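Below is one structure, written out as structure tokens, with a few remarks after it.
The values are calculated or read from the model by the stated rules, or taken from the named source; none is laboratory data. Since this is a predicted model, take the numbers as computed values, not measurements. Positions of Cβ are backbone-derived with ideal geometry, glycine not excepted, and every protein chain shown enters the neighbour counts. The area values use the complete protein model at the heavy-atom level, side chains included, leaving out ligands, DNA and RNA. Shrake-Rupley method; radii C 1.70, N 1.55, O 1.52, S 1.80 Å.
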Amino acid sequence: GGVIAFDVADGAEVWRWATGFEPAAPPAWGSAVFVADMGGVLRALDPESGAEIWHTEGHTAFSATPAVTPLSVYAVEVTGRVSRLDPDDGGEIWVVDLASATTSSPAVVGDLLVIGLANGSVVALGAPQGNE
């Protein structure tokens, strides 16, 4: 498992971040490269060098690509636990337990975070875009 960054101009490898973890889904891109793994760890990697900036642990395995905005990283776990994290340091802003497994990556639509659940429901949570 790991992440490889390539130069878009010539396809040359820029950096490689290799480890024993298994990514849960493709990484998300924002102020960093955010990688959620099946072991329950979310990592922020520097987009220029691939160096780890921070990591935080969930309660269970992450199940999808995080959703990223300038103010937030939204990570979902297989159990339906959703965390809003600070993209700069990984600090937890809030956590919501949706009481159902998630079936897709979360999506930010306007000021809402939309998540599909295994029980057939779709949930929309507030996803602030400006100063709070």
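Brief remarks on what is shown
- Where strands (runs of 3 or more DSSP E) fall wholly inside region 74-132, the ranges with 2 or more residues that are under 12 Å from GLY58 (Cα atoms) are 81-85, 92-97.
- Any hit, region 10-23, residues being in a loop (DSSP other than H, G, I, E, B), open to solvent by less than 50 Å² (accessible area, probe 1.4 Å) and at pLDDT 90 or above: yes
- Checked against the criteria, ALA12 does not count as small (Gly, Ala, Ser) and within 18 Å of ALA127 (Cα to Cα).
- Scope region 24-34; condition under 18 Å from GLY90 (Cα atoms) and open to solvent by 70 Å² or more (accessible area, probe 1.4 Å); matching residues: TRP29, SER31
- Filter result for SER104 (in contact (Cβ under 8 Å) with a residue 40 or more places away in the chain and out of contact with any Leu (no Cβ under 7 Å at 6 or more places or on another chain)): yes
- Which listed residue, of ILE53, ILE93, is modelled with pLDDT of 90 or more, of a type in the set (A, V, I, L, M), over 22 Å from PRO26 (Cβ atoms) and more than 13 Å from the chain's Cα centre (by Cα): ILE93
- Criterion: surrounded by 15 or more Cβ atoms within 10 Å (Cβ to Cβ) and among the aliphatic types (A, V, I, L, M) - qualifying residue of VAL76, VAL95: VAL76
- Qualifying positions in region 33-47 - free of Cβ contacts under 8 Å to residues at least 24 places away in the same chain and either assigned to a loop (DSSP other than H, G, I, E, B) or over 11 Å from PRO66 (Cα atoms) (or both): GLY39, VAL41, ASP46
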